[in-house]
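Engineer: Sending over a structure as structure tokens; questions will come in a sec.
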Amino acid sequence: MNDSKVDIPSFFSDKSKLLGFDYSKIKELCNSEIDHSYPIDDLTPLVKKEILLEGYFKSILLGYNHVYLSKLLKDLKNPSANISLPLLHQWSNEPRIDNLVIISDPEDAEKICKRHIQKAPIFKSLLNTSIISTTDNEDWRTQRDAMTNAFLPKHSLQLVFPASVKRARQCTELLIKMSDDYTEPVDMSDFFLNETQAQLQKAMFGFSDDFEQKTNKRIRDAFAGINPEYLLEFSQDALNETMKSDGPASILFHDSKDIQKNIGNMILFAFAGHDTTGHTLTWLLYELCKHPEYKQRLIREIDEYWLNNAEENYNSFFQLPFMTQCITETLRLWPALANGTYRELEKDEKIKGHDGSEITLPKGTYCQIINWTRHRNVELWGPDVNEFNPDREFKDSEIWHHEGFGGYNVSSDRFSPFTYGPRNCLGKNFSQMEMRLILLHLFKHHDFTLEEKQEQSVNDPKYMGINTFTLGPASVHGGLLGMHVNIHLRKSKL
Ligand code: HEM
């Protein structure tokens, strides 16, 4: 078989290429010269290799790999099992099959992220040597040092707070328009993705209204596989726009001459900077609609906030403890980056095998430190693990303390929505800030209920989100993403 003829689709491929892929080709690649995978005792499930290869690859392309992996752990009767699977990929242009060791043991997850900073080359073909994709640790450190200030609470976020507030204040206008004056349900996934893209462009970059309006939908469509060729045009236009803008994220590009790196970083920011936060808000609204008692508690807290504050205040988030609990529980139950992070071991490392024995993985092994399986592990969270319970007992390190604007990474061995330091999410504090502002405004005068067909998803055990790199709500009306919600004007207590 001529391997060069096999064009392997990935997360971001054109949808027709993705859906039209002939999976029988994969079986033919198993045990061919491109296959470097091998079984590891106590890590590789006792299932035929070609079945694992096809099943896992299909689940990735079709967006249910989180469910597929949970099922493998269930079959092993061990929710914390680390497993090794053969993965077909094209990370370095040529198709290749390698072992991917998927870590669900909490201690091993934290240990590997902290000790092995080097990324697997998973995003290189799309994002070049951007901060998230570079496999060179020195390059990563240089970029991280240069970017950190742009995301620090006092240095930067306090300065962009007014722009973030300004945009949040406008969001209800759009909501009313999208609902045709409260007469039609609104796709709140689309709404939140629009708002978080606008927040990113207006607050973090300081881009003009004109640029934001021209690009917002087009760039989101491109990420959803509609005209993906627009990505390059967008990144070039956006890089030009940074030269006219002085938001903290724009300043990062002012003196940077490496065009390929700049393009990669611009595409990364445009995607990671909106999609993750948009999905988190959508899942949160979904859970609140499913649980009206929690929704009412949040509304009471928000009413109280507006009674005590004439306007939004950067140092006032401590007045929203229940909102913090709801956001934290959403980050657990519906981690936008369900896949977590992918690393290449920098040296030999010991992890646990299925029977608890110690297994040494050689330097160079690819590992996925997945969030989904730990965030939904019954042994780590208790019997209500699959329920939305904002009153859950979080550990101190897992939740923002209600003492002002916490500039830190919420995490523990069982919980890592923004993954672990030192290579954790740069935008975590900005996202915590914008989510609170958007929620404060949405609920100020509005209430929400699920639209009829969306309501049916509540009792559908298969409704587990679609994981096309990030975990979003699969549309119940066809198409990729969607969350259909009725909007009600509520009599404000103010
Ligand atoms: C709820 C919202 C968010 C979640 C759950 C989230 C989660 C994550 C995770 C898990 C990673 C690690 C990915 C990996 O290692 O491959 C990451 C990295 C990153 N995120 Fe976020 N993110 C969010 C919002 C944002 C926002 C708003 C921005 C930008 C404004 C952003 C920028 C970044 C960047 C630049 C990195 C790469 C950091 C590095 O490699 O040093 N994220 N994020």
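The values are calculated or read from the model by the stated rules, or taken from the named source; none is laboratory data. Only a predicted model underlies this, so the values are computations on that prediction, with no experimental measurement involved. Positions of Cβ are generated from backbone atoms using ideal geometry, with glycine treated the same way; all protein chains shown enter the neighbour counts.
Engineer: Please work out which residue is surrounded by the fewest Cβ atoms within 10 Å (Cβ to Cβ), limiting yourself to the stretch 331-349 and to residues that are near the ligand (Cβ under 10 Å from one of its atoms) and in a strand (DSSP E or B). Give the derivation first.
Structural biologist: At the first step, the residues of the stretch 331-349 found to be near the ligand (Cβ under 10 Å from one of its atoms) are 331, 334-343.
Those left that are additionally in a strand (DSSP E or B): 341-343.
Numbers: Thr341: 25, Tyr342: 19, Arg343: 25.
Top of the filtered list is Tyr342.
Engineer: What is the one condition in (1) touching a residue at least 12 places away in the same chain (Cβ under 8 Å); (2) part of a helix (DSSP H, G or I); (3) more than 14 Å from the ligand (Cβ to nearest atom) that Glu455 does not satisfy?
Structural biologist: (1)
Engineer: Restricting the search to the stretch 196-228, which residues are more than 14 Å from the ligand (Cβ to nearest atom), over 19 Å from the mean Cα position of the chain (by Cα), under 20 Å from Asn240 (Cβ atoms) and hydrophobic (A, V, I, L, M, F, W, C)?
Structural biologist: Residue satisfying the conditions is Phe211 alone.
Engineer: Which numbered condition trips up Val186, out of (1) crowded, with 23+ Cβ neighbours inside 10 Å; (2) within 28 Å of Val476 (Cβ to Cβ)?
Structural biologist: That leaves (1) as the condition not met.
Engineer: Exactly one condition in (1) among the aromatic types (Phe, Trp, Tyr); (2) within 12 Å of the ligand (Cβ to nearest atom); (3) touching a Ser or Thr at 6+ places or on another chain (Cβ under 9 Å) is false for Phe191; which is it?
Structural biologist: Here Phe191 clears every test but (2).
Engineer: Next up: Looking at the stretch 221-316, what helices (runs of 4 or more DSSP H) fall wholly within it and have at least 3 residues that are surrounded by fewer than 16 Cβ atoms within 10 Å (Cβ to Cβ) and modelled with pLDDT of 95 or more?
Structural biologist: 230-242, 292-308
Engineer: Are there any pairs with C-beta distances below 8 angstrom linking a residue in the stretch 245-269 that is over 25 Å from Lys154 (Cβ atoms) to a residue that is within 11 Å of the ligand (Cβ to nearest atom) and in a loop (DSSP other than H, G, I, E, B), with the two at least 6 apart or on different chains, and if so which?
Structural biologist: Hits for this filter: Lys261/Ser130; Gly264/Ser130; Gly264/Ser133; Ile267/Ser130.
Engineer: How many of the residues in the stretch 82-138 are at positive phi and charged (D, E, K, R)? Can you show your working first?
Structural biologist: First pass over the stretch 82-138, keeping only residues at positive phi: 93, 128.
Narrowing the set further to residues that are charged (D, E, K, R) leaves none.
Result for the stretch 82-138: 0.
Engineer: While we're on this one: Just name the residue that is farthest from Pro362 (Cα to Cα) out of those in the stretch 84-101 that are touching a residue at least 60 places away in the same chain (Cβ under 8 Å) and in contact with a helix residue (DSSP H, G or I) (Cβ under 6 Å, 6 or more places away or on another chain).
Structural biologist: Pro95
Engineer: Restricting the search to the stretch 105-154, which residues are assigned to a loop (DSSP other than H, G, I, E, B) and more than 10 Å from the ligand (Cβ to nearest atom)?
Structural biologist: Let us first name the residues in the stretch 105-154 that are assigned to a loop (DSSP other than H, G, I, E, B), namely 105, 116-118, 120, 128-136, 152.
Asp105, His116, Gln118, Asn128, Thr129, Thr135, Asp136, Leu152 - these are the residues of the stretch 105-154 that are assigned to a loop (DSSP other than H, G, I, E, B) and more than 10 Å from the ligand (Cβ to nearest atom).
Engineer: Return the only residue of Trp400, Trp381 being of a type outside the set (Gly, Ala, Ser) and under 30 Å from Gln201 (Cβ atoms).
Structural biologist: Details: Trp381 fails: under 30 Å from Gln201 (Cβ atoms).
Of the residues listed, the single one that is of a type outside the set (Gly, Ala, Ser) and under 30 Å from Gln201 (Cβ atoms) is Trp400.
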